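Asker: Would you mind keeping the following structure in view while I ask a few things?
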Amino acid sequence: MNDELDPLAKAHLDTLAVRAGQVRSHEGEHGEPIYTTSSYVFDSAAQAAARFSGDEDGNVYSRYTNPTVRTFQDRIAALEGGEAAVGTASGMAAILSTCMALLKSGDHVVCSRSVFGTTTVLFTKYLEKFGVSVDLVPLTDLSAWQAHIQASTKLLFLETPSNPICEVANIPKLAELAQAHNCLLVVDNCFCTPALQKPLALGADIVIHSATKYLDGQGRCLGGAVVGKKEPLNEVLGFIRTCGPTMSPFNAWVFLKGLETLRLRMEAHSSNALALAQWLEQHPKVEHVYYAGLPSHPGHELAKQQQTAFGGVLSFQVTGGKEAAWKVIDSTKILSVTANLGDVKTTIIHPATTTHGRLSDDDKKAAKITDNLIRIAVGIENIDDIKDDIDRGLALL
């Protein structure tokens, strides 16, 4: 569709977040409807055959075609600048679906060590059972990525900023490396969202989202998304159609409502997180703060180039070990002790025993997941209240 026919072709992110993807029915509804149907009625046997074969566009079965889910897919694709998107049942389902669609036995993956713990388990335990080999490398060491690429390497996978220590990958450099070796660069953009960072514009081939996090924004539903060019996304959709890790229409509708306020929330999260990181960096009971918004962070300048702000997640090490970290966490009265992030409510967790608890001690050490590390996903409450709640525990150390 050319720009004259598509009024959103040159629209800004805030407009796309509210308007992209919606196609009103004959009822003329202003808001997006929820299509709670498992199947669809065809006009004829011939139309049914054409829909099932793909010769005619249209809805077939809500495992892989649903108008509400399609609206979400079109909207997140527009926000990320992708040709297409596929909604999934969770963020992990998005990663699994991508891998199952694009990899086969004998293929090889290079993955950052600095990813969500469950992502590491998926690659190193489950995919390897089916003959896909994986090498884990330091996120910021380009030479390590280069050294581990083989003739059979098909994917380079990473998060940036990383979970939980906020390392920053050089996306354009890794994109050049992937292209030179005929690999696909897959970037988990969960921490930034397209409001702060657009990996596809920086050279990535595929973007992964846990829609559960910032795309929802209020901790209500599980979901995921895969965004990129049509060709690989068609393969991902084929896996969804066959195997069924599908996004529900209700959850898609919730995510659409979340996207409408995405940039506003991400600005508020980022502002609060920067203020908290600056305060923690000066606190006598804090040994180190991991947040790319701090000039002391080794990825600060790179993050300034790739991101419009620094996001809402930070981690810090307290004086003492696990006992001290748990004391700080247990002393909070306002913050939510939960592993989820991306919520308007601030959450706090101990990564070494929760989100990354299934990693071996060696893998935790390599990923810098120490016993005294605390991760905070900073919400949009008043920043002074957040500080006071954390200081309640720090004062006891």
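The values are calculated or read from the model by the stated rules, or taken from the named source; none is laboratory data. As the structure is a prediction and not an experimental result, all values here were calculated from the model. Please note: Cβ atoms are built from the backbone with ideal geometry, for glycine as well, and neighbour counts cover all protein chains shown.
Asker: Please pick out the residue among VAL115, VAL132, VAL60 that is assigned by TED's automatic domain parsing to the domain that holds LEU200, closer than 27 Å to PRO298 by Cα and hydrophobic (A, V, I, L, M, F, W, C).
Answerer: Testing whether each residue is assigned by TED's automatic domain parsing to the domain that holds LEU200, closer than 27 Å to PRO298 by Cα and hydrophobic (A, V, I, L, M, F, W, C) leaves just VAL115.
Asker: Before we move on, is ASP107 more than 23 Å from ASP361 (Cβ to Cβ) and either hydroxyl-bearing (Ser, Thr, Tyr) or more than 16 Å from the chain's Cα centre (by Cα) (or both)?
Answerer: yes
Asker: Given ASN182, ASN234, which one is in a loop (DSSP other than H, G, I, E, B) and either over 21 Å from THR118 (Cβ atoms) or acidic (Asp, Glu) (or both)?
Answerer: ASN182
Asker: On the basis of being modelled with pLDDT of 95 or more, more than 23 Å from LYS213 (Cα to Cα) and over 20 Å from the mean Cα position of the chain (by Cα), does LYS327 make the cut?
Answerer: Taking the combined requirement at face value, the residue satisfies it.
Asker: When you scan segment 279-298, do you find a residue that is acidic (Asp, Glu) and part of a loop (DSSP other than H, G, I, E, B), even just one?
Answerer: no
Asker: Of all residues in segment 185-202, which are under 15 Å from the mean Cα position of the chain (by Cα), over 18 Å from VAL236 (Cβ atoms) and not in a loop (DSSP other than H, G, I, E, B)?
Answerer: Listed by number, the residues that qualify are THR193, PRO194, ALA195, LEU196.
Asker: Yes or no: PHE42 over 30 Å from ALA9 (Cβ atoms), free of Cβ contacts under 8 Å to residues at least 12 places away in the same chain and touching a helix residue (DSSP H, G or I) at 6+ places or on another chain (Cβ under 6 Å)?
Answerer: Judged against the criteria, PHE42 is a match.
Asker: Just to verify a result, which residue in segment 292-310, among those that are within 18 Å of the chain's Cα centre (by Cα) and among the aliphatic types (A, V, I, L, M), is surrounded by the fewest Cβ atoms within 10 Å (Cβ to Cβ)?
Answerer: ALA309
Asker: Quick one: LEU359 ticks every box in (1) at pLDDT below 95; (2) under 12 Å from SER315 (Cα atoms) except a single one, so which number is it?
Answerer: (2)
Asker: In the list ARG75, ARG70, which residue meets the criterion of being closer than 21 Å to ASP14 by Cα, of a type in the set (Lys, Arg) and touching a helix residue (DSSP H, G or I) at 6+ places or on another chain (Cβ under 7 Å)?
Answerer: Result: ARG75 is the single residue among ARG75, ARG70 that is closer than 21 Å to ASP14 by Cα, of a type in the set (Lys, Arg) and touching a helix residue (DSSP H, G or I) at 6+ places or on another chain (Cβ under 7 Å).
Asker: Further, regarding this structure: Take the residues in segment 316-340 that are assigned to a helix (DSSP H, G or I) and either touching a Lys or Arg at 6+ places or on another chain (Cβ under 8 Å) or not aliphatic (A, V, I, L, M) (or both), then tell me which one is surrounded by the fewest Cβ atoms within 10 Å (Cβ to Cβ).
Answerer: Going through the qualifying residues, I end up with GLU323.
Asker: Here's something else I'd like to know. Looking only at segment 107-148, how many residues end up being surrounded by fewer than 16 Cβ atoms within 10 Å (Cβ to Cβ) and among the acidic types (Asp, Glu)?
Answerer: 2
Asker: Still on this structure, please answer the following. Among the residues of segment 249-291 satisfying the criterion of being aromatic (Phe, Trp, Tyr) and out of contact with any Gly (no Cβ under 8 Å at 6 or more places or on another chain), which is surrounded by the most Cβ atoms within 10 Å (Cβ to Cβ)?
Answerer: That would be TYR291.
Asker: Among LYS213, LYS154, which is the only one that is within 10 Å of the chain's Cα centre (by Cα) and touching a residue at least 40 places away in the same chain (Cβ under 8 Å)?
Answerer: None of the other options fit; the residue is LYS213.
Asker: Conditions first: (1) surrounded by 18 or more Cβ atoms within 10 Å (Cβ to Cβ); (2) farther than 30 Å from THR15 by Cβ. LYS104 passes all but one, so which condition is the exception?
Answerer: Of the numbered conditions (1) surrounded by 18 or more Cβ atoms within 10 Å (Cβ to Cβ); (2) farther than 30 Å from THR15 by Cβ, the odd one out for LYS104 is (1).
Asker: Related question: Output the number of the condition that ASP205 fails; it satisfies all remaining conditions of (1) crowded, with 24+ Cβ neighbours inside 10 Å; (2) under 16 Å from the mean Cα position of the chain (by Cα).
Answerer: With respect to (1) crowded, with 24+ Cβ neighbours inside 10 Å; (2) under 16 Å from the mean Cα position of the chain (by Cα), ASP205 is out only on (1).
Asker: Right, here's the next one. Those residues that are under 11 Å from GLN317 (Cα atoms) and either free of Cβ contacts under 8 Å to residues at least 12 places away in the same chain or assigned to a strand (DSSP E or B) (or both), I need them from segment 366-397; list them, please.
Answerer: LEU373, ILE374, ARG375
Asker: Among the β-branched types (Val, Ile, Thr), more than 24 Å from ILE369 (Cβ to Cβ) and either buried (at least 23 other Cβ atoms within 10 Å of the Cβ) or touching a His at 6+ places or on another chain (Cβ under 6 Å) (or both): does that describe VAL313?
Answerer: It is false that VAL313 is among the β-branched types (Val, Ile, Thr), more than 24 Å from ILE369 (Cβ to Cβ) and either buried (at least 23 other Cβ atoms within 10 Å of the Cβ) or touching a His at 6+ places or on another chain (Cβ under 6 Å) (or both).
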